[in-house]
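The values are calculated or read from the model by the stated rules, or taken from the named source; none is laboratory data. Everything quoted here is computed from the prediction, not taken from an experiment. Note that we place each Cβ from the backbone using ideal geometry, even for glycine, and neighbour counts take in every protein chain shown.
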Amino acid sequence: MVSTTADPGGSPPDEGGAQPAQRSTWSLPAGHTMPENYKLLRDGIFQEVPRTDRQGNPVEAKFVRVSYGPLAVVRKYASADGEQWFDVAWHDGRRTVVRRVSGATLRGGVKLVRELGSIGIPLFEGNAGKAEQYLAAYLVTNAEVIEDNVVKLARYLGWQSDGTFVSSDGAPCPVEVAHVEQEPILSAYRPAGTLKQWQASIAPVERYPTVRIALAAAFAPALFAPLRLRSCAVDISGRSTRGKSTAAAVGLSVWANPSEEFQAWGTWKSGMIGIEKRLNLMRGLPVVLDETRVVKHADLVDQVLYQVPMDHGTARGGNYTSASMLPWNTLVLSTGEQPALSFTSHEGAAARVISLRRPPFGREGERSAADAEGVRLAILTTYGTAGPAFAARLIEMLAEQDGLEQLRKRHDVLADEHSGAAGNDVARRRSRHVAAIHLATQLAHEWGIVPFGALETADWTELLSEEEAREDRGAMALEVVRALIASQGHRVQPLSTGKIGAAAGALTMTPPGGWIGAHVEDRNGQPAVALLPGDLDRALSANRPPIVLDAVKEAWTEAGTIAMDPKRPKSLDRAYISGKRVRAFIFTSATLDGPDDEEQSGQSDQDATDPRTQQEALPAPSAHPEQPALDNGWGSGTIGEDVNS
Ligand SMILES: Nc1ncnc2c1ncn2[C@@H]1O[C@H](COP(=O)(O)OP(=O)(O)OP(=O)(O)O)[C@@H](O)[C@H]1O
Ligand SMILES: [Mg+2]
């Protein structure tokens, strides 16, 4: 692997340039000597091979060419795992060139020539073997001085095993990534401008709570290791041009160049391995994955959300062992029109996604647009200063006596607050991560890094409550569905008769009021019940408080409660009811049974057709009123309109 390191270290070979036309004299790094029997001559390094005449008397030695110019190993690097790299230096006409290569490259002459030939290493494949021997001899001759000056090298950003925090290549130590795909990502991690300039550029964000959370979320993963937290995701969803990507860029600017032209900016377009490698670069810094809409397969979002909190990637064999079980510790900052949670049915994943659905830059039209645009442009020139400052202060804090304990205590207090305020179990499970983000923003303010303080716990609760409302609403509405099937079971067509129309025989005699649905098998062959939207809508509207089907459909889609058309994920799947293939709300029996609620279990045909429950009739279709305007935060209207507008 080739680095762009320019500093040869030690005492650099002559930089030249004083007399540009002439080759300047080369000198080895301080304390280095040429190995025995090697000579640096005007036009290269030669090996002196002793010779004798026929009588065995020494004669003038033969000089065998090793290189076409000076060549030295100026520095050794070692990772925590003992992997080695070396800086190789040579003289290219007027200047010294230094490149970092792996131990394997240094020790493989041909490999070295191939890797560095194009940038002028004074070797040819023909003398690669000689070069290999020379460099080996060089390492032996200068072992002591080289070993005394070994430089530690990181393989990823963030927390290292010795407690240092690497925020970019060279700060504080060089980084040699494990996968080539990580190189362009790494190179976007560097500071530009001053912390003061960055603070000024993000100042307008103070008015926008969702953006403040995205910003806080960028600092938080640095706290995960000391707080013993695994990775999580923060998802910003909603309508286009409301500042979702800008909010993510504000977060990214804490550590890196947030421009979409640079690779720190990740999108959902990558494949699974690409995303895992991106995550794998981080042990305490965030990863941005922008716009779920561009994902190649919807499954991928589900897979990633499932994998992120595991703190390591998928196990892979064959040609992909180098990308197997890649570790990480990060916070994924995701954006998309559709909530990321709408792609997943894993409950475990849902508990690790903190979902924000408000327009990040608000609904103030011109003002919102101007603020978003202003911040977006400002952070293109000033970035990468706040994160390193935060990490430095965090290390100071952790070095204090009781520092770690204090940090954990503060986190516990916040976690208790958030847990107490959480409206349901899933939200409670998120509270330790929410608390870490909250704590990060408190610390960032106390340490003078972010110009404004943390939001109040109540504000967090309110911002996060939209998700809870959905979670609860979905569960509540499911109760209504269960009650409907229990009371109107005789109006649900038995299995395999749904394809038969109304005119068919006794078995499918249409009940009074008509069929409201049918027992079917879902696409996985699981027993399920398909209900007609109209009848379901009436049942939900008749509930007290009334539930708007449109709104709950979204919650159900996100939770995987209902089956969606695989080709049109926003549309209901189809089923045969009364002889027609129609879009319907399809609930598997397993979903209807619920996890462990005895009363709801066993919604079998028998229960459903229990004559005692058949008496309760649905409200007559004619009695269906206009959907009332609800004051439950859901409003009415089409899916998504209420939350995303
Ligand atoms: N809340 C807002 N209200 C009005 N205009 C906004 C708002 N937020 C951002 N904009 C405008 O939209 C531009 C693009 O913002 P951004 O890319 O962050 O939006 P987005 O929500 O990610 O949209 P998309 O779904 O298209 O990716 C901004 O530069 C600004 O001009
Ligand atoms: Mg966007």
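Counting just the residues of the range 233-286 that are in a loop (DSSP other than H, G, I, E, B) and among the hydrophobic types (A, V, I, L, M, F, W, C), which one comes out farthest from ligand 1 (Cβ to nearest atom)?
Checked the range 233-286; the qualifying residue farthest from ligand 1 (Cβ to nearest atom) is L281.
Just name the residue that is surrounded by the fewest Cβ atoms within 10 Å (Cβ to Cβ) out of those in the range 266-279 that are more than 12 Å from T335 (Cα to Cα) and in contact (Cβ under 8 Å) with a residue 40 or more places away in the chain.
Result: G274.
Condition check ((1) surrounded by 18 or more Cβ atoms within 10 Å (Cβ to Cβ); (2) over 30 Å from G170 (Cβ atoms); (3) modelled with pLDDT under 90; (4) more than 18 Å from the chain's Cα centre (by Cα)) across all residues:
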residue	(1), (2), (3), (4)
D299	no, yes, yes, no
N319	no, yes, yes, yes
G336	yes, yes, no, no
A340	yes, yes, yes, no
S345	no, yes, yes, yes
I354	yes, yes, no, no
R376	yes, no, no, yes
R393	no, no, no, yes
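Within the range 237-246, track down each residue that is more than 9 Å from ligand 2 (Cβ to nearest atom) and either free of Cβ contacts under 8 Å to residues at least 12 places away in the same chain or touching a strand residue (DSSP E or B) at 6+ places or on another chain (Cβ under 8 Å) (or both).
Within the range 237-246, just S237 meets the criteria.
Being small (G, A, S), part of a helix (DSSP H, G or I) and more than 16 Å from ligand 1 (Cβ to nearest atom) is the filter here; which residues of the range 308-364 pass it?
Across the range 308-364, the qualifying residues are G318, S322, A323, G348, A349, A350.
S368 - would you say it is within 16 Å of ligand 2 (Cβ to nearest atom), among the small types (G, A, S) and outside any helix (DSSP H, G or I)? Steps first, answer last, please.
Details: within 16 Å of ligand 2 (Cβ to nearest atom): yes; among the small types (G, A, S): yes; outside any helix (DSSP H, G or I): no.
Judged against the criteria, S368 is not a match.
Looking at S253, S231, can you tell me which residue is within 16 Å of ligand 2 (Cβ to nearest atom) and within 16 Å of the chain's Cα centre (by Cα)?
Answer to the check: S253.
Which residues, taken from the range 198-216, are of a type in the set (F, W, Y) and closer than 18 Å to V434 by Cα? Give the steps one after another, and end with the answer.
From the range 198-216, those of a type in the set (F, W, Y) are 198, 208; that's our starting set.
Hit for the range 198-216 is Y208, nothing else.
Suppose we filter V98, V110 for residues that are of a type outside the set (G, A, S) and surrounded by 16 or more Cβ atoms within 10 Å (Cβ to Cβ); which single one remains?
Of the residues listed, the single one that is of a type outside the set (G, A, S) and surrounded by 16 or more Cβ atoms within 10 Å (Cβ to Cβ) is V98.
Inside the range 301-317, can you point out the residues that are of a type in the set (D, E, K, R) and under 16 Å from the mean Cα position of the chain (by Cα)?
D302, D311
Given the residues S24, S118, which is the only one that is out of contact with any helix residue (DSSP H, G or I) (no Cβ under 8 Å at 6 or more places or on another chain), modelled with pLDDT under 90, more than 21 Å from E147 (Cα to Cα) and assigned to a helix (DSSP H, G or I)?
S118
Can you tell me which residue among N142, N127 is more than 15 Å from I45 (Cα to Cα), surrounded by 20 or more Cβ atoms within 10 Å (Cβ to Cβ) and not hydrophobic (A, V, I, L, M, F, W, C)? I'd like the intermediate steps shown before the answer.
On the way: N127 fails: more than 15 Å from I45 (Cα to Cα).
Being more than 15 Å from I45 (Cα to Cα), surrounded by 20 or more Cβ atoms within 10 Å (Cβ to Cβ) and not hydrophobic (A, V, I, L, M, F, W, C) holds for just one of N142, N127, which is N142.
Among the listed residues A200, A178, which satisfies the condition of being under 23 Å from E446 (Cα atoms) and either modelled with pLDDT of 95 or more or surrounded by fewer than 21 Cβ atoms within 10 Å (Cβ to Cβ) (or both)?
A200
M282 - would you say it is more than 29 Å from R363 (Cβ to Cβ), surrounded by 19 or more Cβ atoms within 10 Å (Cβ to Cβ) and more than 16 Å from ligand 2 (Cβ to nearest atom)?
Here the answer is yes, as M282 does meet what is asked.
Inspect all residues belonging to the range 47-63 and state whether any of them is in contact with a helix residue (DSSP H, G or I) (Cβ under 8 Å, 6 or more places away or on another chain), at pLDDT 90 or above and over 30 Å from C173 (Cβ atoms).
The first filter runs over the range 47-63 and keeps only residues in contact with a helix residue (DSSP H, G or I) (Cβ under 8 Å, 6 or more places away or on another chain), leaving 47.
Then keep just the ones that are at pLDDT 90 or above; that gives 47.
Checking the rest, the ones that are also over 30 Å from C173 (Cβ atoms) come to 47.
Checked the range 47-63: at least one residue is in contact with a helix residue (DSSP H, G or I) (Cβ under 8 Å, 6 or more places away or on another chain), at pLDDT 90 or above and over 30 Å from C173 (Cβ atoms).
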